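Asks: To start, I am sharing the structure in question, which I have written as structure tokens.
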Amino acid sequence: MTKIRTRYAPSPTGRMHVGNLRTALYAYLIAKHEGGDFLLRIEDTDQERYVEGATEIIYRTLAETGLIHDEGPDKDGGCGPYVQSERQKQGLYLEYAKKLIEKKQAYYCFCTPERLNSLRSNVNGEEIMKYDKHCLSLSDEEIKNNLERGIPYVIRQNNPTTGTTSFHDDIYGDITVDNSELDDMVLIKSDGYPTYNFANVVDDHLMGITHVVRGNEYLSSSPKYNRLYEAFGWDVPTYVHCPLITNEEHKKLSKRSGHSSFEDLIEQGYVSEAIVNFVALLGWSPEDDKEIFSLDELIKAFDYKHISKSPAVFDMVKLSWMNGEYLKNMSEEDFFILAEPYIKEVIKKPLDLKKISNMVKTRIEVLPQISSHIDFFEELPEYDIEMYTHKKMKTNSENSLSLLNEVLPLLESTEDYTNDNLFAILQEFGKEHEYKTGFIMWPIRTALSGKQMTPAGATEIMEVLGKDESIRRIKIGIDKLQQ
Ligand code: GLU
């Protein structure tokens, strides 16, 4: 059996869109599931769409997500260069286009932009341009003359106008189109660069790609790619077109939606592993209903035949849930590395940030939620004494006042402000007075935090706040309740 070789072939046009990340992931998983090779090829032939720095984003994102390529611009595997602009400079695409011209499967086209514009027509509100093969009838002499005179040209594929073309996609099945629908697409542009349509076929063949994985927006062009493979006499690779990704409203996920790229999601406090896990499930599902997968588990489980044709919904609620699961299962050390910048945004006082981090670890789904859980540590918020009333704990503003007055001397007389010690003292106090734990802790915690919900109990909060600040806040509580 031949070794599986897949590639991720991004165009450096900006941040890595989740659709691109999924393509990269699926290509990686298909290769690794079978012990094959995963290649990176930079498709930078569209000079107008090129964005400075975008190639670095691609490298960084692949490294952060763990999609390590076996071959690429930085890892020669004998099929280089792996950057299309460099391949173009070697004259590679023109050489192959000329082979097609010899076989009468392609031709020079010298039509002016004005002439091409006149071929545009409006079909059902959509502007289309189907080339009329005008230049196919040029004589060899005319072509030679035009080339010598330096008239700008493109090279077009010569597609038949009758009959049908069929191809097979492993996800979408057998697809047949009428050749009358096939446009004579441009292979080499007037700037000498190849189009994606041509370069992808030449490069996938020369790089020995066995499985072409990409978004289904390329499905409709695949008959034309097939004709190119056949014209060259090359084996057609296995096509794996992945389904559309939509937002919750079932509309195509747009760049403007704000959560469409890997980097957007990282900035919004999602972790790389959760994003990868979530993206893996955008169009693929395992046989059982397992949802949490490490990358290694995905490699084992990934049978690409289970990729679905139906659009996948990018469900933020699910992503957030999944992210929360990753945060919960992380070690406290790893979580602290991620949480520290968010904690430091809120906490300026010299408090034990590690303890605060541990408190919130299991309580959030995304990192920016940290601040609302911990802001009271920095400063006691204004709060209403209504908060002391809790039905289940049987507390109200009157009994809370007397309770705080009773525990204050106890808390003042201890120096050991560890959670364990404080808890033991208050337990003892409860036993003596026959108070239930909640009856004691609710008023104390309210006085310490001014909040209904806190990420930890009263004694843990005191441990972080320290003696002076804890006493100060309890006295503020007493004052408020006395008024
Ligand atoms: N350069 C294409 C893109 O970024 C790649 C498509 C493919 O995977 O073949 O959309």
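The values are calculated or read from the model by the stated rules, or taken from the named source; none is laboratory data. Model, not experiment: these values are computed from the prediction. Cβ: placed from backbone, ideal geometry, glycine included. Neighbour counts: every protein chain shown. In case anyone asks, the SASA skips ligands and DNA or RNA and just uses the protein heavy atoms, side chains included. Shrake-Rupley method; radii C 1.70, N 1.55, O 1.52, S 1.80 Å.
Asks: Beyond 32 Å between alpha-carbons counts as too far, so tell me which of Lys436/Lys475; Lys99/Lys130; Lys32/Lys99; Lys318/Lys475; Lys318/Lys355 fall in that bin.
Replies: Details: Lys436/Lys475 22 Å; Lys99/Lys130 24 Å; Lys32/Lys99 35 Å; Lys318/Lys475 44 Å; Lys318/Lys355 28 Å.
Table pairs above 32 Å Cα-Cα are Lys32/Lys99; Lys318/Lys475.
Asks: What does the accessible area per residue of the range 126-257 come to in Å², with a 1.4 Å probe and no ligands, DNA or RNA counted?
Replies: Working: 6330 Å² over 132 residues.
For the range 126-257, the per-residue accessible area is 48 Å².
Asks: Read phi for every residue in the range 223-235 and hand back ³J(HN,Hα) as whole Hz from Karplus 6.51 cos²θ - 1.76 cosθ + 1.60, θ = phi - 60°, with x for Gly and Pro.
Replies: After applying 6.51 cos²θ - 1.76 cosθ + 1.60, I find x, 5, 5, 4, 5, 5, 4, 5, 4, 7, x, 9, 5 Hz.
Asks: Calculated FRET efficiency, Glu332 and Ile471, Cβ-Cβ r, R0 25 Å, to nearest 0.05? Show your work: numbers first, answer last.
Replies: On the way: r = 29 Å, r/R0 = 1.16.
Plugging the Cβ-Cβ distance into 1/(1 + (r/R0)^6) gives 0.30.
Asks: Under 18 Å Cα to Cα from Lys103, which lysines show up? Leave out anything in the same chain fewer than 8 places away.
Replies: Leaving aside lysines fewer than 8 places away in the same chain, those within reach of Lys103 are Lys133, Lys144, Lys224.
Asks: While we're looking at this one, here's another question. Given H placed 1.01 Å from N in the peptide plane, which residues other than close sequence neighbours of Ile245 have an amide H under 5 Å from its amide H?
Replies: Leu253, Ala312
Asks: Of the DSSP beta bridges with both residues in the chain, give the percent that are antiparallel, rounding to the nearest 5.
Replies: Details: 22 of 37 bridges.
Counting DSSP beta bridges with both partners in the chain, the antiparallel share is about 60 percent.
Asks: Please return the longest stretch of the chain lacking exposed loop sites, where GluC sites (Glu not before Pro) count only if DSSP places them in a loop and at most 12 other Cβ atoms lie within 10 Å. If you can, show how the numbers build up before the last one.
Replies: Values: sites that count: Glu48, Glu52, Glu248, Glu249, Glu287, Glu379, Glu382, Glu415, Glu434.
With GluC sites (Glu not before Pro) excluded where exposed in loops, the chain gives 53-247 as its longest stretch.
Asks: Report the Rg/Rh value for the chain, based on alpha-carbon coordinates and the Kirkwood definition of Rh. Could you put the intermediate results ahead of the total?
Replies: Numbers: Rg = 32.3 Å, Rh = 27.2 Å.
Rounded to two decimals, Rg/Rh equals 1.19.
Asks: Also, quick follow-up: Every cysteine in the chain with no other Cys Cβ under 4.7 Å from its Cβ, please list them in numeric order.
Replies: Cys79, Cys111, Cys242
Asks: Follow-up. What net charge do the residues around Gly72 carry, taking every other residue with its C-beta under 14 Å from that of Gly72, with Lys and Arg at +1 and Asp and Glu at -1? List each step's numbers first, then the result.
Replies: On the way: positive: Arg5, Arg7, Arg41, Arg60, Lys75, Arg87; negative: Asp37, Glu43, Asp44, Glu56, Asp70, Glu71, Asp74, Asp76, Glu86, Asp203.
That works out to -4.
Asks: Please work out the Kirkwood hydrodynamic radius for the range 339-483, using every pair of different C-alpha atoms, and report it in angstroms with one decimal place. Please list the in-between numbers first.
Replies: Numbers: mean 1/r = 0.0645 Å⁻¹.
Roughly 15.5 Å, rounded to one decimal.
Asks: Which residue, chosen from Gln47, Leu62, Tyr107, occupies the Cα position most advanced towards the positive end of the dipole of the range 35-110, where the dipole is computed from +1 (Lys, Arg) and -1 (Asp, Glu) charges on Cβ about the Cα centre?
Replies: Tyr107
Asks: Under 17 Å from the Cα of Lys251, which aspartates and glutamates turn up, not counting those fewer than eight places away in the same chain?
Replies: Hits, sequence-local ones excluded: Glu217, Asp315.
Asks: List, largest first, the extents of the alpha carbons of the range 236-291 along their principal axes, each in whole Å.
Replies: Each principal axis gives a Cα extent; for the range 236-291 these are 38, 25, 25 Å.
Asks: Ok, one more. Taking the Cβ-Cβ separation of Trp234 and Ser190 as r and a Förster radius of 22 Å, what is the calculated FRET efficiency to the nearest 0.05?
Replies: Numbers: r = 26 Å, r/R0 = 1.20.
Once rounded, the FRET efficiency stands at 0.25.
Asks: If you roll a 1.4 angstrom probe over the protein chains with everything in place, what fraction of the accessible area of the chain belongs to carbon and sulfur, to the nearest %?
Replies: On the way: 11380 of 23370 Å².
C and S fraction of accessible area: 49 percent.
Asks: Something else now. Restricting everything to alpha-carbon atoms, can you work out Rg to Rh for the range 5-107 with a Kirkwood hydrodynamic radius?
Replies: A ratio of 1.03.
Asks: Check cross-link reach from Lys431 to the lysines: straight Cα distance under 18 Å, and skip same-chain residues fewer than eight apart.
Replies: Hits, sequence-local ones excluded: Lys394.
Asks: How much area per residue is accessible in the range 352-469 when the probe is 1.4 Å and only protein heavy atoms are counted (Å²)?
Replies: Details: 5820 Å² over 118 residues.
Result: 49 Å² of accessible area for each residue.
Asks: Any chance you could run the full-extension gain for Gln268 through Glu378? It's 0.36 nm times the residue separation minus the Cα-Cα distance, nm to one decimal.
Replies: 37.3 nm
Asks: Per DSSP H run of n ≥ 4, the term is -39500 (n - 2.57); total these for the chain, divide by its residue number, and report the mean residue ellipticity at 222 nm rounded to 500 deg cm²/dmol.
Replies: Details: 19 runs with 219 residues, N = 483.
My calculation for the chain gives -14000 deg cm²/dmol from helical runs alone.
Asks: Considering only the other residues whose Cβ falls under 11 Å of the Cβ of Val317, what net charge follows from Lys and Arg at +1 and Asp and Glu at -1? Walk me through the intermediate numbers first.
Replies: Numbers: positive: Lys318; negative: Glu248, Asp315, Glu365.
So the environment of Val317 carries a net charge of -2.
Asks: Name all residues of the range 467-483 having a backbone nitrogen under 15 Å from the label point set 7 Å from the Cα of Glu412 along its Cα→Cβ direction, giving them as ranges.
Replies: 467-479
Asks: Compute the distance in nm between two label points, each set 7 Å from the Cα along the Cα-to-Cβ direction, one at Leu206 and one at Glu249.
Replies: So the label points at Leu206 and Glu249 sit 4.4 nm apart.
Asks: Here's another thing I want to ask about it. Measuring from label point to label point, each 7 Å out along Cα→Cβ, what is the Leu136 to Asp352 span in nm?
Replies: Roughly 8.0 nm, to one decimal.
Asks: If I stretch the segment between Ala63 and Ile151 completely, what's the gain in nm (0.36 nm per residue apart, minus their alpha carbon distance), one decimal?
Replies: On the way: separation 88, 0.36 × 88 = 31.68 nm, distance 4.52 nm.
Separation in residues times 0.36 nm, less the Cα-Cα distance, equals 27.2 nm.
Asks: So, R0 is 41 Å and r is the distance between the beta-carbons of Ser166 and Arg49; what FRET efficiency does that work out to, to 0.05?
Replies: Step by step, r from the Cβ atoms, then E = 0.80.
Asks: Per residue, how much accessible surface does the range 272-335 expose to a 1.4 Å probe? Answer in Å², no decimals. The partial results should precede the final answer.
Replies: On the way: 3080 Å² over 64 residues.
Accessible area per residue: 48 Å².
Asks: In nanometres, what is the gap between the two model label sites at Glu86 and Met1, each 7 Å from Cα along Cα-to-Cβ?
Replies: 3.2 nm
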